[in-house]
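Everything below concerns the one structure shown next.
Values in this text are rule-based calculations from the coordinates and carry no lab data. Computed from a prediction, not measured in an experiment: that's the story for all the values here. Cβ atoms come from the backbone with ideal geometry, glycine included; neighbour counts cover every protein chain shown.
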Amino acid sequence: MMIHPGFIRREIARSSKQAVVFILCVGLSLVTLTAFSGFSKSIHQSLLYDARKLHAADIIIRSYETLSEPLSRAISEYVQEGRVALAKYHEFYSVIRTSDDSTSVLSQLKVVEKGYPFYGEVLLQSGRSLHEVLTSGQVVVAPTLLDRLGLKIGDTIQVGYTSLSIQDVVLSEPDRPISLFSFGPRVFIAAEDLDALGLLQTGSRIRHVNLLKVEDNAQTDVLVHRLSQIADLEREQVDTFQTARSRIKRFFEKFMFFLNLVGIFILVVSGVGIQSTLTALLNEKQYAIAIMKALGATNRHILVHYMVIVLLLGSIGMGAGILMGILIQYGLANLLSVFLPPGTPFLIAWSGLVESAGLGMLVLLIFSFVPLYRLRDMHPVMVLRQDIPVLSSQWPVFACYGMLALFFFGLVIRHMQDVRFGLYFMAGLGGLIMITTLVTYAMLSLLRRQHIQNLAFRQAVKGLFRKGGATQTIMVSMTTALCVIFSIYLLEQNLNATFVTSFPQDSPNLFFLDIQPDQTTAFSKNVDKNVLFYPIVRARVTHVNSAPINRKAEHSKKRDNLARVFNLTYRSHLLDDELILEGKKLYRDDWQEIQVSVLDTVIDMQPMDIGDTIQFNIQGVPLIARISSIRSRTKGSLRPFFYFVFKKETLISAPQTLFSALRVSPEDVGPLQTRVVKQFPNINVIDVSETIRVFAGIMKQLSGIVQGFSALSILAGVLILISSVFATRAERITESVYYKILGAKTSFVVKVFSLENLFIGLTSSVLAVVISQVETYLICRFVLEIDFQMFLLSCISMMAGAVVLVNGVGILSARSILEKKPITYLREQPDA
Amino acid sequence: MNILEARNLNKTYAVENRRITVLKNISLSIAPGEFVVISGSSGSGKTTLLTLLSGLDQPSSGYVAIQGQEITGATEDELAPIRNRMIGFVFQSFHLVPSMTAKENIMFPAEIMGKKDAEQTALRLLRRVGLADRADNMPSQLSGGEKQRVSLCRAMVNQPKLLFADEPTGNLDSENGNRVLSQLIDLKTEQGATLILVTHNPDIARAADRIMTLEDGRLIQDISRTPGQGP
């Protein structure tokens, strides 16, 4: 069979507007996913490119305890043999005070040995090198510390039990971007001053990092392998610069995870757009196709030519989508550059682009299948009777929808790498689409049965059911898109209202960490309040029912996991905001062995039941406990809570610190913090409301990016609307011309079209608001357990925006229809 | 006063680089209540003349007035109330709004005019043409003859003073054609309207008060006669 390029060219040219909308839909379907998955790959590649600098070493050994003896010995041997150079640093939080004890601020301390960093550079304001400045008794601080304490270079600060002089300001450090979220400003301290600080108390949360520079790079993997074999992997982590997980990588992984969800969502909505616009395009050709068939064209001939058209237009769309995706990647790199280490080059990952192109072709083929399949049911008789073709066989369509479901499931799993979350996401999105489809169907059916008196409104309602129109598809896609955007907004606003704008009245706002057991009486006297102390014993979970924890699998989970360090506590009673879910009380009287009460959140990480055993590692000492009860919290608040609670006698002799939380009026926070730290330099004080405010600021920025991209899904709805206007162009022209011939003014036609759009816009946005309100209510009340607010005013303005958008687009795309003169139309009629 | 006046009407179309003059210097006046047939061979300019006289199209030059009100150069929106209140159209290919039922098609001009009794009038007219039982049928469910009778009712619903019909029986068989024509003339007579009808059918022309004949865009004959006389 011969392909006729002329025919293909003519067909595209004569439906140029529809073709453009189709190209835009294909482009849109790819743009976000290309951008997001490409950006993830690019960030990974960029960070890997500069990974030595990012980790400041070839081998990185991390631990929250001092290194185990065998590992420490092995490292010393390698150093003596000259195979590696070693530089340690210790990282922890502490409250820094001014020399006159007038103000204080929680800061992130990094106590570094000479040699740090092996790669990259700590950039100082003076331009000097770090170790030239950082000698015993001196510190280098972040500019924010000077701002918050009102100090300048040369001033003295109190750190722990010693005084240190500020020598310089740090502008950037290789292994931590300045803007990455942290509780306080950075302070560099020389290793020589570590003991003088007096802060390395037992049980304090200190990150000990051993950086190794390997003299012969070819030896890196061998050395890591040997060190890993020696290390106690439950508490020591040995990595090369290529395998080490950094906070930056983790931050981007988590953030891109959400953006990828948005990308997949946009792909679904714009996929519907591809199908809808192609159906519209082919409907427009229906008469021509019927004539061609009447003149002897075979189904195959027609199918092949239109398939070529689809592939041609689709390829242009894919090209445009990928190009836009690359531009967005650069945009994202700019937007998020504050979270990247300084000087990190942004490299586009070409493998991501190839993957996108393949994905684009798959999307195009799957979503084009049904419209192309309908071609065979466009019969020659349609020359005389222009009906919408009825499919002769439904099974290929069902098979196609089955493939679609599989395709998306595969895509979700591929991008989320978490089957359970993927299933939740699929179920959530599927449920949302199903609910909107059912509700819009019910509303349209109800509306169709109404006897409407008002002429314009009656005609507008009839317009909603125009032959070849896509009212329900537009409504479903608009509602779904708006629903996602409204939900993100409402959730953010509710969290903000609960924890930032009005900090919960009953929640403590000042946390005191690392209180030593012998400091409790003096501490209570200092704060002059009735203080409740929570003992904290730091431990890891090693086994559940004798089966070891798969640390790698646990680490890769997107949610909380069993591989991290937990804070254990002991007490004999339930807290006010706790209840027993399983078991009769906290501990059983009839068991002799060690018992532990677990929070239901732990069961969510791994299924466990009453009677099961958990093995802990408390600073090298194993402890096996049997689950005596499962607790739950009755409301989300900022009160302290513990996953694992033991009887007092079980943990009383374990190395521990105490934790306390107080409610203090905002004006007393500063003086109290300074007073406590002056007396107890080892105690860390966290101003929770301030911390949450900082965190909320970053979250707002990031959720703004997610929301911004989610808004692209509206574009898919808008494209479907435009294509629907084009698809019903002939009917709309007929209506418009007849209205005019019979004496209606253009304003009447505008009114009819506007009412139609108004119905679509208003119904979609009202429905989206209702669903997102219900959804947010459920999440707030039952997942986050916080108060729920409706933010009606914001919702109304978002609804108004959506209505104006739909109406504006609807009327603009129908402009040429409105301008059509009756005589022009009449002349075009075959028998006029 | 004449219901319709046209002076020196010319209509020229540009097709690629050529200019084609379809109507040349046509002047005419039509008195209230007249039944005028515009006849001529195919391509003589009959339909073009009808579109200019009814305001559906604008002449290249010349002047048209309906009941003394000039419509030349009027915008679509200025013409809208004239079309709604003073003019009724019957087309060869019916042009019923496909999304409206027969009754709604007839009601539409009355509703635009703001008449409260639009539905009753529509039903009365449908009964008058024998289509009362088809009131709620969509155009696609009607035969050609039925469509044209609905179209006729729609044209008459606002009791217009001027009725323009373009080959109203052209798409119908003779039986349906005769029926539509007699109903058209009856309704015109009942309402005292002026009927301007384009046709090349001599049988229809025989029923007219006046026959204007066009040839190559020129009005070559304008004969007033007693209905029933030969042309």
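General remarks:
- Helical contribution to [θ] at 222 nm, DSSP H n ≥ 4, -39,500 (n - 2.57), averaged over the protein assembly as shown, rounded to 500: -16000 deg cm²/dmol
- Counting only other chain Cβ atoms within 10 Å of each residue's Cβ, the peptide A:446-458 averages 1.
- Environment charge of A:A654, counting only residues whose C-beta is closer than 14 Å and scoring Lys/Arg +1, Asp/Glu -1: +2
- Neighbour-count ranking [beta-carbon atoms within 10 angstrom, fewest first] of A:H415, A:H225, B:H200: A:H225, B:H200, A:H415
- Positive contributions from Lys and Arg (+1) and negative ones from Asp and Glu (-1), summed over other residues with Cβ under 11 Å from the Cβ of B:D186, come out at +2.
- Neighbouring Cβ atoms from other chains, within 10 Å of the Cβ of residues in A:813-823, number 2 on average.
- The protein assembly as shown pair-distance distribution - Cα-Cα, 20 Å bins, rounded %: 10, 30, 26, 16, 12, 5, 0
- Environment charge at B:N176 (Cβ cut-off 9 Å; Lys +1, Arg +1, Asp -1, Glu -1): -1
- Protection proxy ranking, peptides B:133-144, A:5-16, A:464-475, average beta carbon neighbours within 10 Å, highest first: A:464-475, B:133-144, A:5-16
- Whole-Hz couplings from phi, Karplus 6.51/-1.76/1.60, listed for segment A:151-159; x for Gly and Pro: 10, 9, 4, x, 6, 10, 10, 9, 10
- Pairs exceeding 20 Å between alpha-carbon atoms, taken from A:K53/A:K552; A:K529/A:K585; A:K114/A:K213; A:K285/B:K103; A:K285/A:K462; A:K41/A:K249: A:K53/A:K552; A:K529/A:K585; A:K285/B:K103; A:K285/A:K462.
- Between 0 and 90°, nearest 10: helix A:69-80 axis offset from chain A longest Cα axis: 90
- Between 0 and 90°, nearest 10: helix A:666-679 axis offset from chain A longest Cα axis: 30
- Exposure proxy order (Cβ contacts within 10 Å, fewest to most) of A:L223, A:L482: A:L223, A:L482
- Order of A:M324, B:M156 - criterion: other Cβ atoms within 10 Å of each residue's Cβ, fewest first: A:M324, B:M156
- Tilt relative to chain A, helix A:471-496 - C-alpha long axis, 0 to 90 degrees, to 10: 20
- Chain A - share of DSSP beta bridges that are antiparallel (%, nearest 5): 80
- Here is the list for segment A:576-620: GluC sites (Glu not before Pro) lying in DSSP coil, each with at most 12 other C-beta atoms within 10 angstrom of its C-beta, are A:E593.
- In this structure, the pairs whose alpha-carbon distance is over 25 Å, taken from A:K751/B:K115; A:K467/B:K147; A:K17/A:K745; B:K24/B:K147, are A:K17/A:K745; B:K24/B:K147.
- Rounded if a/c under 1.5, otherwise prolate or oblate - segment A:17-120, Cα gyration tensor axes: oblate
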